[in-house]
Number of protein chains: 2
Amino acid sequence: MHTAAVVGTGLIGTSIALALSARGVTTHLLDRDPDRVRIAAARGAGTPEPPSEPVDIAVIAVPPSRTAPVLAAQQRAGLARVYTDVASVKALPHAECLALGCDTTTLVGGHPLAGRERSGPLAARADLFQDHHWVLTPTPDTSEAALNRALELVSLCGAVPALLEPPDHDRAVALVSHLPHLMATLTAGRLREGEEYAVRLAGRGMRDATRVASGDAALWADILAANATALAPLLTELSSDLATAAEALAQLSAAAPDPAATAEALAALTALLHRGVEGRARITPPYNDPASRPHTMLSVALGDHDRPLSRLLDDVDAARLELDDVDLAGLAPHRPDRPGAGAGTAADSVGLKVAPGVARPLTEALRDRGWAVH
Amino acid sequence: MHTAAVVGTGLIGTSIALALSARGVTTHLLDRDPDRVRIAAARGAGTPEPPSEPVDIAVIAVPPSRTAPVLAAQQRAGLARVYTDVASVKALPHAECLALGCDTTTLVGGHPLAGRERSGPLAARADLFQDHHWVLTPTPDTSEAALNRALELVSLCGAVPALLEPPDHDRAVALVSHLPHLMATLTAGRLREGEEYAVRLAGRGMRDATRVASGDAALWADILAANATALAPLLTELSSDLATAAEALAQLSAAAPDPAATAEALAALTALLHRGVEGRARITPPYNDPASRPHTMLSVALGDHDRPLSRLLDDVDAARLELDDVDLAGLAPHRPDRPGAGAGTAADSVGLKVAPGVARPLTEALRDRGWAVH
């Protein structure tokens with residue numbers, strides 16, 4: 001790939017252009033707002049001059065409802081040899097492209113799953129897509145050359161490609177993006193009439209659970225509407241769970257509770273909570289997240305010191321490293337006459353559970369301080 | 001305050017003990033698990049020895065359903081002159097305390113609104129409560145001396161006290177903690193049977209929106225059950241909003257859409273999304289968050305340089321400072337012959353919108369590089 005065009009220099013388009021320009025691809029920037037192009041160009045995302053011949057790939061980075069018409073217009077103008085887009089819904093824009101007579105052999109639908117709270121070309125970053133998934137939705141019409149060009153684009157942006165059928169993509173994002181967005185929105189909506197003293201108690205839990213709800217309402221209405229077919233059945237299922245929770249809570253707040261019904265209600269509520277824990281556990285941590293790697297258990301002999309556990313934890317703190325757990329099973333039983341200290345015999349040891357990135361520096365730091373670490 | 005006792009050396013109890021010990025308060029640690037006390041003591045949270053006389057204040061830091069019985073037992077044993085607790089629900093435990101014959105003159109209910117994903121004494125931090133709200137729920141029975149002692153505790157932990165009636169507290173946490181927890185749980189629960197390809201697309205939005213759902217299911221069932229009376233009406237309201245959304249999406253996914261009904265459905269969906277944006281906007285950012293302070297607009301004269309906008313943005317990047325917006329209204333209109341550059345006349349200027357903490361270092365950095373900044 002030597003040349004590219006990005007149509008729409010918002011957060012996503014400018015970030016793609018920054019990544020491509022950094023890899024030496026001559027990237028042309030197009031936008032109906034010339035100020036956005038100027039800012040993107042001034043940040044090094046590419047050139048505001050239109051290409052003199054068709055580029056290797058054009059990325060249509062405009063809102064979902066604008067994707068098909070902009071793509072059709074650029075194909076008619078001969079902007080590129082291959083086209084992709086970044087719309088967060090795939091089946092409906094693809095159908096609209098067909099209706100507008102687009103050439104589908106040179107077209108590969110795309111959806112990079114990355115973003116920021118901030119929008120516009122100033123917020124763009126060349127590494128926005130690094131290690132993020134980027135779905136491509138080729139159809140049987142799509143030529144192999146077009147698909148390979150789109151895969152090259154994803155690779156140059158540092159993202160992880162995932163090939164999906166458009167309807168599968170749409171069901172997936174309904175589950176992992178559109179449903180949480182709507183639920184966060186409805187939860188945040190309840191705050192609107194909340195008492196001032198209540199709203200001021202909102203902490204990190206509420207902020208994180210409702211963060212996505214602060215997104216652009218009109219844009220999100222477009223997205224949810226474009227994916228209504230995939231989203232509607234999920235809402236039906238969630239409504240049924242919500243009714244179960246509401247019934248359980250009504251029973252638990254009854255003025256004259258019946259013990260059997262109360263136990264049943266508590267069991268129903270606990271089952272819903274367990275179900276949430278299990279679903280949450282399926283979310284894989286981001287690449288390079290230490291939490292995704294298995295833990296290491298280090299064994300430290302406490303030796304014949306005074307208050308060895310206290311000294312050991314102080315030395316861990318001094319090394320600015322964090323333990324995930326301490327196993328005291330290898331320590332002599334707690335004796336009331338020496339509270340807080342290990343028994344202090346040479347045979348005593350404790351287990352330190354640490355993240356794998358921590359095991360080596362912690363072992364070195366503790367050995368430097370005279371501990372026997374295995 | 002010279003002496004304190006913490007009953008329950010989990011995350012919250014040990015964090016309180018660390019904060020008090022750091023301020024010179026002799027803090028006694030009690031827990032039915034001696035290993036937890038040893039770890040908390042070894043981290044410097046206090047002494048595992050019981051006090052020889054009543055301490056100034058005892059903090060009951062056990063799960064909500066254990067709060068009243070533990071408090072009653074410690075009052076009978078004469079542990080302290082004043083008692084507080086940290087249960088996240090207040091009305092029901094208080095009623096249980098009354099039923100168990102607790103002395104309510106020396107009792108101040110409490111709820112520090114802080115936490116971490118990790119639990120236990122190893123995860124504790126002396127600064128866990130710094131700048132967080134800490135609700136106290138004195139009743140008409142509570143003595144002024146007891147309330148002032150509890151306020152001193154909150155102050156020594158660096159937290160911001162908020163006095164509330166127990167039912168008001170419970171309605172507030174239903175809105176800002178228990179409702180988002182339940183909604184995150186139901187959203188995450190839908191993932192349990194999700195296709196593998198769908199679940200792997202879950203990104204930061206889904207992770208943040210469902211983060212709280214990974215909490216202890218049994219503990220949260222207890223919390224939600226204890227606050228069922230305040231939570232139930234919120235669920236009714238949310239169910240009604242959810243039904244509105246489901247109806248709108250059913251209409252939008254209809255096989256043969258009626259234009260008027262479609263427009264109405266889109267309007268209903270947009271209204272719900274706007275409501276969420278408005279509710280979310282009421283959440284105040286944390287103390288010291290730059291986002292809570294007003295922005296500053298700097299004006300930079302571009303002078304008679306080549307590609308001045310590009311040079312200016314490069315210099316901002318070089319200073320490792322971030323702009324929130326760039327206003328190009330003061331720049332000569334875009335000229336196709338010099339695309340991407342400012343017009344380059346001495347009168348040209350651009351506005352840089354920055355967070356207040358950024359204005360001064362950015363002004364200095366840009367002046368050092370020869371820019372005229374106002």
Name every residue in segment B:1-30 that is in a loop (DSSP other than H, G, I, E, B) and within 27 Å of the chain's Cα centre (by Cα), in order of residue number.
-> B:Gly8, B:Thr9, B:Gly10, B:Arg23
Lone unmet requirement of (1) within 14 Å of chain B (Cβ to nearest Cβ); (2) closer than 21 Å to A:Gly115 by Cα for A:Val59 | (1)
Starting from segment B:64-79, keep only residues that are farther than 19 Å from B:Glu49 by Cα and touching a residue at least 60 places away in the same chain (Cβ under 8 Å), then list their pairs with residues that are aliphatic (A, V, I, L, M) and in a helix (DSSP H, G or I) whose Cβ atoms are within a distance under 8 Å, requiring at least 6 positions of separation or different chains.
-> B:Pro64/B:Leu92; B:Pro64/B:Ile223; B:Pro64/B:Ala226; B:Ser65/B:Ala226
Flag for B:Pro285 being at pLDDT below 95, more than 30 Å from A:Thr187 (Cβ to Cβ) and loosely packed, with under 13 Cβ neighbours inside 10 Å = no
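Among the candidates B:Arg207, B:Arg200, which residue alone is under 26 Å from A:Ala188 (Cβ atoms) and outside the structural domain of B:Pro63 (by TED's automatic domain parsing)?
Only one candidate qualifies: B:Arg207.
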Residues located in segment A:197-242, provided they are surrounded by 18 or more Cβ atoms within 10 Å (Cβ to Cβ), more than 14 Å from B:Gly279 (Cα to Cα) and more than 7 Å from chain B (Cβ to nearest Cβ) = A:Asp222, A:Ile223, A:Ala226, A:Asn227, A:Ala230
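Going residue by residue through segment B:251-260, is there one that turns out to be of a type outside the set (Ser, Thr, Tyr), at the interface with chain A (Cβ under 7 Å from one of its Cβ atoms) and surrounded by 16 or more Cβ atoms within 10 Å (Cβ to Cβ)? First the steps, then the outcome.
Of segment B:251-260, the ones of a type outside the set (Ser, Thr, Tyr) are B:251-252, B:254-260.
With at the interface with chain A (Cβ under 7 Å from one of its Cβ atoms) added as a condition, the list becomes B:252.
Subsequent filtering for residues that are surrounded by 16 or more Cβ atoms within 10 Å (Cβ to Cβ) retains B:252.
Scanning segment B:251-260, I find at least one residue that is of a type outside the set (Ser, Thr, Tyr), at the interface with chain A (Cβ under 7 Å from one of its Cβ atoms) and surrounded by 16 or more Cβ atoms within 10 Å (Cβ to Cβ), so the answer is yes.
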Please work out which one of (1) assigned to a helix (DSSP H, G or I); (2) of a type outside the set (Asp, Glu); (3) facing chain A (nearest Cβ under 8 Å) is the condition B:Gly194 fails and give its number.
-> (1)
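Given the criteria over 29 Å from the mean Cα position of the chain (by Cα), without any contact (Cβ under 8 Å) to a residue 60 or more places away in the chain, surrounded by 16 or more Cβ atoms within 10 Å (Cβ to Cβ) and farther than 30 Å from A:Leu163 by Cα, does B:Ala265 qualify? Step through it out loud before you land on a result.
Values: over 29 Å from the mean Cα position of the chain (by Cα): yes; without any contact (Cβ under 8 Å) to a residue 60 or more places away in the chain: yes; surrounded by 16 or more Cβ atoms within 10 Å (Cβ to Cβ): yes; farther than 30 Å from A:Leu163 by Cα: yes.
When the stated conditions are applied, B:Ala265 passes them.
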Residue that is farthest from the other protein chains (Cβ to nearest Cβ) [pool: residues in segment A:158-187 that are touching a Pro at 6+ places or on another chain (Cβ under 8 Å) and either assigned to a strand (DSSP E or B) or surrounded by fewer than 24 Cβ atoms within 10 Å (Cβ to Cβ) (or both)] | A:Ala159
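Select from segment B:203-246 the residues that are among the polar types (S, T, N, Q) and in a helix (DSSP H, G or I) and write down the one among them that is nearest to the chain's Cα centre (by Cα). Spell out how you get there, then give the answer.
Going residue by residue through segment B:203-246, those that are among the polar types (S, T, N, Q) are B:210, B:214, B:227, B:229, B:236, B:239-240, B:244.
From what is left, the residues that are in a helix (DSSP H, G or I) are B:210, B:214, B:229, B:236, B:239-240, B:244.
Working: B:Thr210: 15, B:Ser214: 16, B:Thr229: 23, B:Thr236: 25, B:Ser239: 25, B:Ser240: 27, B:Thr244: 29 Å.
Checked segment B:203-246; the qualifying residue nearest to the chain's Cα centre (by Cα) is B:Thr210.
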What about A:Glu247, is it touching a Lys or Arg at 6+ places or on another chain (Cβ under 9 Å) and surrounded by fewer than 19 Cβ atoms within 10 Å (Cβ to Cβ)?
-> no
Expected output for segment A:229-244 (first residue under 23 Å from A:Ala267 (Cα atoms) and at pLDDT 95 or above, partner basic (Lys, Arg) and in a helix (DSSP H, G or I), Cβ below 9 Å, 6+ apart or cross-chain) is A:Asp241/A:Arg275
So which residues in segment A:254-278 are over 16 Å from B:Leu224 (Cβ atoms) and assigned to a loop (DSSP other than H, G, I, E, B)?
-> A:Ala255, A:Ala256, A:Asp258
Only residues that are surrounded by fewer than 24 Cβ atoms within 10 Å (Cβ to Cβ) and in contact with a strand residue (DSSP E or B) (Cβ under 8 Å, 6 or more places away or on another chain): list them for segment B:56-80, please.
-> B:Asp56, B:Val62, B:Val70, B:Gln74, B:Gln75, B:Leu79
Could you list, in sequence order, all residues of segment A:39-57 that are assigned to a loop (DSSP other than H, G, I, E, B), free of Cβ contacts under 8 Å to residues at least 60 places away in the same chain and not acidic (Asp, Glu)?
-> A:Gly44, A:Gly46, A:Pro48, A:Pro50, A:Pro51, A:Ser52, A:Pro54
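The values are calculated or read from the model by the stated rules, or taken from the named source; none is laboratory data. Every value quoted in this text rests on a predicted model; they were computed, and no experiment measured them. Neighbour counts run over all protein chains shown; Cβ positions are idealised from the backbone, glycine included.
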